[in-house]
Each structure stands twice: as structure tokens, then as C-alpha cells.
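Chemist: Dumping the structure here so I can ask a few things about it.
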Amino acid sequence: MPMPKSVPIWPLILIALVFYSLPWVVSPDAALSMGAYDLAEWASLHPVVRVSSPPLLASFLLRAPLVGLAWAAALNTRRDGSRALNGVLAVTLTIALLPPLEFFTQYADDPNYRQQMALALAAFIGAVVGLVVRPASWRWAAAFIAAVAAAAALVGLMQAVSLVQEFHLAIFSGLGGGGFVICCLILSWLCFPARAASTNKTR
């Protein structure tokens, strides 16, 4: 039976964030265990990523899903009983994407910090649109954004694994990456308009 459209999505976003922080790449040889955020930071230091076109693509793909979650949370503030929680999540994710304070004092020209600032601004703008404007097609938008977040996370993980393998280390995929992608796909399904329409028909 389809789930009712009033089911809040904030618990799923919280679970996704737990998976985001869990290890995505594990290397017993180097005692290396990195979640998505640490993996994005590590990838930003790799010379290949710095000179790639576009630059810092792997780091972008690992960080951008947080922007997608912030947008999805903001767009879903219409859901019954979850307006405040979704709004808090959208704002919290925006703040989490901000670069370190050093960006505002002495490292404003650092491309890695600039990327973080650009993503934070994107999350903020999208959250404002979702919280204030809330277009009529919000369900389609939220479903699409969640699906893109899953795709970005998967491609980013594949690129990061390829970078780690260049050091000839034995590596394994942690639970974080797969769990995060699954959460994003479930979130996309929950927001999908056709699912909501079929739910209404069963009532």
C-alpha cells in the first residue's frame, strides 16, 4: 500500500545525514576511514582534482547532495506537521556548507573554500525559494532534486575511490555511500507526484 502523502520526510533526511557522516571509503592499509565530507576535503587536495576541468569536480559531487537535501527539505514544508522541522533542516544544512572562517579573513582566493561558499549560497537561495515561494510544481522539483542528489553522490564516490586507488591502497566501500544513495532515492519516491495521486485514489 502506498504511504500517505502526509508522512514527514525529515526523519529520512536525518538518516541520510547519518549515512553521509559514516565511512564512505575504508582503507585498512592506511588506517583510513572517511565520510563524504572528509572525502570531499581530501579530494580537494589531490593535484588531479585541482587541475581537472571543471576543477574540484569530485569534491563538488560529494558536497552538492547536501544542497539537494536542503532544497528538498524546504520544498516539503507543506507537509502536514513538519513545516518547522523541515525549515530547521534546510537552514542547518545551509550553515553546514559554509567554508571555515579563514575564507572570510585570509583565504578568499582558495578554490576549495570558494566552492563551499558557492554551495552554501545555492542552498540558501533554494531554501528561501522553497520556504517562501513554494511553486505549484514543488513535488516534481523535490523528487527530481533528491534523485539528482543520489546520482551526484554515487558518481562522486566512484571518482573519489578512483583517486584513492592511485595510491595503491586496499580500499573498501563503507556503508555510508550506499545508505545515503538509498535514502535519497526513497526521498525521491516519497515526493513523487504520481505516488501521491495513487494514494489519494485509495482513500
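The values are calculated or read from the model by the stated rules, or taken from the named source; none is laboratory data. Predicted, not measured: the structure shown is a model, and the values here were computed from it. Using ideal geometry, Cβ is built from the backbone for each residue, glycine included, and neighbour counts are taken over all protein chains shown.
Chemist: Looking for whichever is under 30 Å from Ala84 (Cα atoms), modelled with pLDDT under 90, touching a Cys at 6+ places or on another chain (Cβ under 8 Å) and crowded, with 21+ Cβ neighbours inside 10 Å here; the options are Ala153, Ala142. Which one fits? Working first, answer last.
Modeler: Details: Ala153 fails: modelled with pLDDT under 90.
None of the other options fit; the residue is Ala142.
Chemist: Of all residues in the stretch 51-101, count the ones that are in contact with a Ser or Thr (Cβ under 6 Å, 6 or more places away or on another chain) and closer than 14 Å to Gln116 by Cβ.
Modeler: Total meeting the criteria: 3.
Chemist: On the basis of being more than 14 Å from the chain's Cα centre (by Cα), at pLDDT 90 or above and of a type in the set (Phe, Trp, Tyr), does Phe60 make the cut? Reasoning before the result, please.
Modeler: Working: more than 14 Å from the chain's Cα centre (by Cα): no; at pLDDT 90 or above: yes; of a type in the set (Phe, Trp, Tyr): yes.
Here the answer is no, as Phe60 does not meet what is asked.
Chemist: State the number of residues belonging to the stretch 135-177 that are without any contact (Cβ under 8 Å) to a residue 24 or more places away in the chain and either in contact with a Gly (Cβ under 8 Å, 6 or more places away or on another chain) or assigned to a helix (DSSP H, G or I) (or both).
Modeler: 4
Chemist: Within the stretch 25-50, which residues are of a type in the set (Asp, Glu), outside any loop (DSSP other than H, G, I, E, B) and out of contact with any Ser or Thr (no Cβ under 8 Å at 6 or more places or on another chain)?
Modeler: To start, the set of residues in the stretch 25-50 that are of a type in the set (Asp, Glu) comprises 29, 38, 41.
Adding the requirement that they be outside any loop (DSSP other than H, G, I, E, B) leaves 38, 41.
Answer for the stretch 25-50, where residues must be of a type in the set (Asp, Glu), outside any loop (DSSP other than H, G, I, E, B) and out of contact with any Ser or Thr (no Cβ under 8 Å at 6 or more places or on another chain): just Asp38.
Chemist: Okay, moving on. Looking only at the stretch 20-39, which residues are surrounded by 24 or more Cβ atoms within 10 Å (Cβ to Cβ) and more than 12 Å from the chain's Cα centre (by Cα)?
Modeler: Answer for the stretch 20-39, where residues must be surrounded by 24 or more Cβ atoms within 10 Å (Cβ to Cβ) and more than 12 Å from the chain's Cα centre (by Cα): Trp24, Val25, Leu39.
Chemist: Let me ask something else about it. Quick check on the stretch 97-114: of everything there that is among the hydrophobic types (A, V, I, L, M, F, W, C) and surrounded by 14 or more Cβ atoms within 10 Å (Cβ to Cβ), which residue is farthest from Ala72 (Cα to Cα)? Quick ask: steps written out before the conclusion?
Modeler: In the first step, residues of the stretch 97-114 are kept if they are among the hydrophobic types (A, V, I, L, M, F, W, C); the result is 97-98, 101, 103-104, 108.
Adding the requirement that they be surrounded by 14 or more Cβ atoms within 10 Å (Cβ to Cβ) leaves 97-98, 103.
On the way: Leu97: 16, Leu98: 19, Phe103: 27 Å.
That would be Phe103.
Chemist: Something else now. Taking interchain pairs and intrachain pairs at least six residues apart, which have beta carbon atoms under 7 angstrom, with the first residue in the stretch 180-203 and of a type in the set (D, E, K, R) and the second assigned to a helix (DSSP H, G or I) and at pLDDT 50 or above?
Modeler: Arg195/Trp189
Chemist: While we're looking at this one, here's another question. Can you spot a residue in the stretch 65-76 that is touching a helix residue (DSSP H, G or I) at 6+ places or on another chain (Cβ under 9 Å) and surrounded by fewer than 22 Cβ atoms within 10 Å (Cβ to Cβ)? Spell out how you get there, then give the answer.
Modeler: Taking the stretch 65-76 first, the residues touching a helix residue (DSSP H, G or I) at 6+ places or on another chain (Cβ under 9 Å) are 65-76.
Next, from what is left, pick out any that are surrounded by fewer than 22 Cβ atoms within 10 Å (Cβ to Cβ): none.
No, the stretch 65-76 contains no residue that is touching a helix residue (DSSP H, G or I) at 6+ places or on another chain (Cβ under 9 Å) and surrounded by fewer than 22 Cβ atoms within 10 Å (Cβ to Cβ).
Chemist: Related question: Can you spot a residue in the stretch 95-107 that is in contact (Cβ under 8 Å) with a residue 40 or more places away in the chain and in a helix (DSSP H, G or I)?
Modeler: Restricting attention to the stretch 95-107, the residues satisfying the condition of being in contact (Cβ under 8 Å) with a residue 40 or more places away in the chain are none.
Checked the stretch 95-107: no residue is in contact (Cβ under 8 Å) with a residue 40 or more places away in the chain and in a helix (DSSP H, G or I).
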